[in-house]
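Below is one structure, written out as structure tokens; comments come after it.
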Amino acid sequence: MAAVQVSEAEKVYLMHGVRDGLRLDGRRCEDYRHMEIETDVVSNTDGSAKISLGHTDVLVGVKAEIGKPKPTVPDEGYLEFFVDCSANATPEFEGRGGEELGVELSNILYKVFNNRHSVDLRSLCICPGENCWVLYVDVLLLQCDGNLFDAISIAIKAALFNTRIPKVHISEDEEGGKEIELSDDPYDCMRLNVENVPCIVTLCKIGHRHVVDATLQEKACSVASLLISVTHKGMVTCVRKMGRGSLDPESIFEMTEAGKRVGKTLHAPLMELLQKEESLGKKRQKVGFLG
Amino acid sequence: MLKSKTFVKKTRSGGVLKIVREHYLRDDIWCGSEVCKECKDEAPVLQEDACIESNLCSYPHYLIPDTNVVLHQIDILEDPLIRNIIILQTVLQEVRHRSATVYKRIKDAIHDKEKHFYTFTNEHHRETFIEREQGESANDRNDRAIRVAAKWYADHLAKATDNGPLKVVLLTNDRANKEKAEHHGLIVYRCEEYIKSLIGNPELVDRLALTPDDQNEITGSKLLFPEHLPLSRIQTGIKNGMFLQGTFHANRDNYLEGTVFIHREGAVTNEVLLQGFQNLNRAVHQDVVAVELFPKERWVAPSSVVLQDDNPDDEDAEEDETETENKLKSVASESSALKPTGRVVGIIKRNWRPFCGMLSQSQIKEATRHLFTPADRRIPRIRIETRQAATLVGQRIMVAIDGWPKNSRYPNGHFVKNLGTAGDKETETEVLLLEHDVPHQPFSQAVLSFLPKMPWSISEEELKVRADLRHLFVCSVDPPGCTDIDDALHCRELENGNLEVGVHIADVSHFIRPGNALDQEAASRGTTVYLCGKRIDMVPELLSSNLCSLRSNVERLAFSCIWEMNNNAEIIKTHFTKSIINSKASLTYAEAQMRIDDTTMNDDITKSLRGLNKLAKILKGRRIDKGALTLSSPEVRFHIDSETHDPIDLQTKELMETNSMVEEFMLLANISVAQKIYDEFSECALLRKHPSPPPSNYDILIKAAKSRDLEIHTDSAKALADSLNNAAIERFPYFNTLLRILATRCMMQAVYFCSGMDNDFHHYGLASPIYTHFTSPIRRYSDIIVHRLLAVAMNADSTYPDLMDKHKQSALCSNLNYRHKMAQYAQRASVAFHTQLFFKNRGIINEEGFILFVRKNAIIILIPKFGLEGTVFFENKDKPSPHLTFDTEGPTLKVEEHTFHMFDKVKVTISLDASNIQHQRIRMALIEPVIPGVSVPVPESEPEAKKPKLDR
């Protein structure tokens, strides 16, 4: 991943700051950077969102397609993730450079989001055992400035909130042949319940303390980080340790607690913001990519 | 300003796709009116003085029709009286979506300058574009778009004229739409209401198509037909194999019977028989229908009964109906050859076109509802409403079908056009062109704009790139009176003793460039149609009779195929080139023959002709050795009176040596070119094939020969040709010709195809492994394509994408095949009509003829003198039929005491039966052999009511 070179002196300065609860950009340890979210930015998706967190820019699009349910869970739909690390984000992603990271990210996203505690997968079922909606979630990294997971997860939640799946109904003829029929009205569509969709909070261990939303420089000073996905109720749905260093059990506990706390406070304003944006309706002036 | 249009769509594979299109809105779309100063339109279409006398609108006004009005009342809109109409883009798009034919007609009307139709692109106008709202159906949205645009026009014109008298009038038949529009302060009328208000044009009212409301009024309430299934049910039914989809073909002789040809490949049954009124269920000839197959025990055999729907009046006919149907069944059950039978459950696509025919006036004097009898017997009679019945009787008219409600015995339609007096030569020619779908309108301005400017001469560039063959003694040999000369020939001796032979073909592809309007028109026409005394050109006359025609003593562009041959007619070298020639003489076959035979003539042209003739004979001999067939069909020529244009004499075409000389070299050129383009473009060469007929086709020929103790071998073309050559009977010289005529009837149709789509290239009749058409580009479009391919192959011209696209080319081939077939039918119909005219003038004639076919209840007779075929029936409605015994082995037919064999010589009397003016026919009655009660006496009295028909 994109990395910055940090000199020894800078490292000491940064770590001492964190020890005293002060970060380079003036934030405290559990503060996020300035965040901007806009939904419905790509018209040919069924749902989309763009987020910028500091200089990290992520675009998420959701496409709904009809597919076959997995044999083990015939009455559920599922989500698929694909992360594209654009060479826009950093030159290292050029060619196949971003592939490995992309696969890693999508695997984690799959684990975090594709379960019935996060999304009501049953509502994606059209006809048990035969047809279901498959949500293809495409993540595009436009710019990397640290803390990719948190940014991506928030963008996914916003995009799922924005997703409108066309309503279908199944007509059955006398012989039992089933036919999927599409509603003629483009406004006639289904929304997902995103209440339980978790957000990922990444905590970086720096010295003896930990920070959320680490910048690239802070990341360079950290040996290990903990990735915690938290629902709006503070339930942890997934924990994962990243980085080569080790963490002692006590600090894992501490970090989980901090993650829960931060995660809970992240959900409420996010939902509020999304609802507010939607209430503006069609007349909303779109910002898009140039704003 | 940018908007995006979003909609969801289901794909074929069952997926769901969200489609987003960018939609640009502009503010520089003009209203198109002369009065408007604000819009910067350079050539406004709509007139300031848009007056049409109407009781409802006394002020000048523009009309805005909604989609349904355009779709259903296109016949009205096409009337020259109706002008100054605004066609909204919304309407145009919907029309295009719903009916391709109406779309084409409205587009034509828009292009007609006299009509002052203006297309307003309201969907791209910033002020009239609307987005679909939540809960609004697509139709409601379009209706709203129409209202918004109409409102915009009303306001816009009011502003432009300072509330002057000019108004817009919205025409709609939709009640809800009308109410809403009135609510917005628009002037709205129903179409009927408006048309009826027009003063002084009562005939327009006749052309109003009936709307469903009106249809209910005029039909009885009794349900005659089962309901058609909705399209969704039909589709699922077809998918799971319950129904079959196919094209409905009505039976020509029996209006209660029809066949559905199933499209699906690999289907178990590809023909389904339909019998009876209920089972036909309102299918009209050529409709695409869904049929349900009956279980085997309900299968029936096709009846051989001739039934014509000639009930005098419509509604009371139901009782008769069941009676005739019962008769049909009893006849059918006798036979054992049962066929898959079914019934129509729904109509997938109507293939209605306007039909030609005549009015059968209602017996009630003041009635406005009448029955219309189409010329094509496969089309049911149509009920129309007209106030001008008295003037339309005896006229050929066109009628369009509007619908066929389930409680009406006949479909409902409306009057479209009066073609003229029936029996009149112009009218009948028009009818046969329309009925055979031959495009014969004058060429449009767009087409003519691509013609070269006159005076035309060969440009410097052409002189540089083309081979200059002006010095050669080229001449053309054609039938007399030919003005579209596509081919010319030359032959000269080379220094090495070999001969150089050139075939020069008019270079039409030089003038017709791919893709332009001229090219498209020619491609759609496909072929020039030759009728008796009339030619319907494929390309405008300037090209066909002047610039492309290889006339004598003018310089013309040509595409030449030049061979070097030895004296044994073996090809040593073949060479193709674009050239410039100057024909030294345009000869007729007879003139050329005279020159060859006249030993005193020794000029270059004659020498050239002699050389060609000598080689042609060798080539022909070689071709026949290989197994090429010489077939025969009786063809006639009319001598047409130059004043009245009536046929005054009739003779069969005579063939001369020079005919076959020209033919031989054309064949050679075609084969050479076919090989060349196939070598260069193995995937997209346009070729012509003639499949060998299935052996069963020859049954009748073999039987016929056997009855005269001759054997015909049909294992190969060669065997057939040989046995035909050997088949002769002493003192019966015409026998061989008869056999050849019969053999011709056994053949398959030759067709064009694209080499990449097929692998059987063989031309059976010519015994050539590969063949194409190269030599008549003025009158056949296929030749133009072949010219282009050849030109590309020799780097004389550039290629274009469609030429190399085998699917496009395949589609083109099917159009050409269709046009050729229709042209042939039209030609035959024209000959038949002129034969009738001829016999009308000649009165009753007694003539000798031969039996060509023997049928169960009739014999078909050929009169060699007139090339005329007719049927003598032995069964009759009015009087007891004689005792008939039919033997399929012979085949022979024993009538009372006399047995008829094939090829028997008989004597008949020929006259014209004009009792039915729509279907005038040649009537034949037997004079010799004399069979009491069957044959008629020799004197020229009116023969008994036999019912012969012209079998063509």
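The values are calculated or read from the model by the stated rules, or taken from the named source; none is laboratory data. Note that the structure is a prediction, hence the values are computed from the model and not measured. Backbone-built Cβ (ideal geometry, glycine too); neighbour counts: all protein chains shown. We work out accessible area using only protein heavy atoms, side chains counted, and drop any ligands, DNA or RNA first. Shrake-Rupley method; radii C 1.70, N 1.55, O 1.52, S 1.80 Å.
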Could you pull out the residue among B:Arg779, B:Arg855, B:Arg819 that is open to solvent by 20 Å² or more (accessible area, probe 1.4 Å) and closer than 30 Å to B:Lys907 by Cα? B:Arg855
If you go through segment A:247-291, how many residues are part of a loop (DSSP other than H, G, I, E, B), open to solvent by 70 Å² or more (accessible area, probe 1.4 Å) and among the charged types (D, E, K, R)? 2
Give segment B:12-54 a look and list any residue that's at pLDDT 70 or above and within 14 Å of another protein chain (Cβ to nearest Cβ), or say none. B:Gly15, B:Val16, B:Leu17, B:Lys18, B:Ile19, B:Val20, B:Arg21, B:Glu22, B:His23
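Have a look at B:Glu203, B:Glu217, B:Glu182, B:Glu227 and point out the one that is away from chain A (no Cβ under 14 Å), over 29 Å from the mean Cα position of the chain (by Cα) and at pLDDT 85 or above. First the steps, then the outcome.
Working: B:Glu203 fails: at pLDDT 85 or above; B:Glu217 fails: at pLDDT 85 or above; B:Glu227 fails: at pLDDT 85 or above.
None of the others qualify; the one that does is B:Glu182.
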Please find, within segment B:102-118, the residue that is farthest from the other protein chains (Cβ to nearest Cβ) out of those that are touching a helix residue (DSSP H, G or I) at 6+ places or on another chain (Cβ under 6 Å) and open to solvent by 30 Å² or more (accessible area, probe 1.4 Å). B:Arg105
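Please specify each residue of segment B:657-669 satisfying the condition of being open to solvent by 60 Å² or more (accessible area, probe 1.4 Å) and either in contact with a Ser or Thr (Cβ under 9 Å, 6 or more places away or on another chain) or not assigned by TED's automatic domain parsing to the domain that holds B:Ala592 (or both).
Of everything in segment B:657-669, nothing turns out to be open to solvent by 60 Å² or more (accessible area, probe 1.4 Å) and either in contact with a Ser or Thr (Cβ under 9 Å, 6 or more places away or on another chain) or not assigned by TED's automatic domain parsing to the domain that holds B:Ala592 (or both).
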Among the residues of segment B:394-402, is there at least one that is assigned to a loop (DSSP other than H, G, I, E, B) and surrounded by 24 or more Cβ atoms within 10 Å (Cβ to Cβ)? no
Within 21 Å of B:Glu94 (Cβ to Cβ) and surrounded by 19 or more Cβ atoms within 10 Å (Cβ to Cβ) - does that describe any residue in segment B:7-28? yes
Looking at segment B:130-164, which of the residues that are more than 14 Å from chain A (Cβ to nearest Cβ) and part of a loop (DSSP other than H, G, I, E, B) is surrounded by the most Cβ atoms within 10 Å (Cβ to Cβ)? B:Thr161
So B:Arg556 clears everything in (1) more than 30 Å from B:Glu657 (Cβ to Cβ); (2) basic (Lys, Arg); (3) outside any loop (DSSP other than H, G, I, E, B) except one condition, right? Which one? (1)
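Could we say that B:Ile741 is in the same structural domain as B:Thr799 (by TED's automatic domain parsing), under 30 Å from the mean Cα position of the chain (by Cα) and touching a residue at least 40 places away in the same chain (Cβ under 8 Å) here? Give the derivation first.
Working: in the same structural domain as B:Thr799 (by TED's automatic domain parsing): no; under 30 Å from the mean Cα position of the chain (by Cα): yes; touching a residue at least 40 places away in the same chain (Cβ under 8 Å): yes.
The answer is no for B:Ile741.
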Give the residues of segment A:103-134 that are open to solvent by less than 40 Å² (accessible area, probe 1.4 Å) and of a type in the set (A, V, I, L, M), sorted by residue number. A:Leu105, A:Ile108, A:Leu109, A:Val112, A:Val119, A:Leu121, A:Leu124, A:Ile126, A:Val134
Check off (1) touching a Lys or Arg at 6+ places or on another chain (Cβ under 6 Å); (2) assigned to a loop (DSSP other than H, G, I, E, B); (3) buried (at least 20 other Cβ atoms within 10 Å of the Cβ) for B:Tyr752 and give me the number that stays unchecked. (2)
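Each row is one residue, and each column tells you yes or no for (1) in a helix (DSSP H, G or I); (2) surrounded by fewer than 23 Cβ atoms within 10 Å (Cβ to Cβ); (3) assigned by TED's automatic domain parsing to the domain that holds B:Arg788.
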{"residue": "B:Ile671", "(1), (2), (3)": "yes, yes, yes"}
{"residue": "B:Tyr678", "(1), (2), (3)": "yes, yes, yes"}
{"residue": "B:Arg688", "(1), (2), (3)": "no, no, no"}
{"residue": "B:Ile700", "(1), (2), (3)": "yes, yes, no"}
{"residue": "B:Thr714", "(1), (2), (3)": "no, yes, no"}
Residue check, B:Gly413 at pLDDT 85 or above, open to solvent by less than 40 Å² (accessible area, probe 1.4 Å), touching a strand residue (DSSP E or B) at 6+ places or on another chain (Cβ under 7 Å) and farther than 20 Å from B:Phe277 by Cβ: no
Among strands (runs of 3 or more DSSP E) entirely inside segment A:139-202, those with 3 or more residues being open to solvent by 40 Å² or more (accessible area, probe 1.4 Å) and more than 28 Å from B:Gly237 (Cα to Cα) are none
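Of the residues B:Val305, B:Val260, B:Val284, which single one is at pLDDT 85 or above and either open to solvent by 20 Å² or more (accessible area, probe 1.4 Å) or in a strand (DSSP E or B) (or both)? Give the derivation first.
On the way: B:Val305 fails: at pLDDT 85 or above; B:Val284 fails: either open to solvent by 20 Å² or more (accessible area, probe 1.4 Å) or in a strand (DSSP E or B) (or both).
Within the list B:Val305, B:Val260, B:Val284, the selection yields B:Val260.
If you go through segment A:19-38 one residue at a time, do you hit one that is of a type outside the set (A, V, I, L, M), within 14 Å of another protein chain (Cβ to nearest Cβ) and either surrounded by fewer than 19 Cβ atoms within 10 Å (Cβ to Cβ) or in contact with a helix residue (DSSP H, G or I) (Cβ under 9 Å, 6 or more places away or on another chain) (or both)? Spell out the reasoning first.
Applying the first criterion (of a type outside the set (A, V, I, L, M)) to segment A:19-38 yields A:19-21, A:23, A:25-34, A:36, A:38.
Applying the additional criterion that residues be within 14 Å of another protein chain (Cβ to nearest Cβ) yields none.
Within segment A:19-38, none of the residues are of a type outside the set (A, V, I, L, M), within 14 Å of another protein chain (Cβ to nearest Cβ) and either surrounded by fewer than 19 Cβ atoms within 10 Å (Cβ to Cβ) or in contact with a helix residue (DSSP H, G or I) (Cβ under 9 Å, 6 or more places away or on another chain) (or both).
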Run down B:Glu366, B:Glu385, B:Glu430 and say which single residue is at pLDDT 85 or above and open to solvent by 20 Å² or more (accessible area, probe 1.4 Å). B:Glu430
Yes or no: A:Arg240 open to solvent by 50 Å² or more (accessible area, probe 1.4 Å), within 14 Å of chain B (Cβ to nearest Cβ), of a type in the set (Lys, Arg) and touching a residue at least 40 places away in the same chain (Cβ under 8 Å)? no
Output the number of residues of segment B:40-70 satisfying the condition of being touching a residue at least 60 places away in the same chain (Cβ under 8 Å) and open to solvent by less than 30 Å² (accessible area, probe 1.4 Å). 13
Take the residues in segment A:43-86 that are open to solvent by 40 Å² or more (accessible area, probe 1.4 Å) and within 14 Å of another protein chain (Cβ to nearest Cβ), then tell me which one is nearest to A:Gly281 (Cα to Cα). A:Ser43
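Of all residues being among the acidic types (Asp, Glu) and under 20 Å from B:Glu192 (Cβ atoms) in segment B:71-100, which is surrounded by the most Cβ atoms within 10 Å (Cβ to Cβ)? Just the residue, please. Steps first, please.
Narrowing segment B:71-100 to residues among the acidic types (Asp, Glu): B:75, B:78-79, B:94.
After this cut, where a residue has to be under 20 Å from B:Glu192 (Cβ atoms) as well, the list is B:75, B:78-79.
Values: B:Asp75: 21, B:Glu78: 17, B:Asp79: 17.
Per the stated criteria, the residue is B:Asp75.
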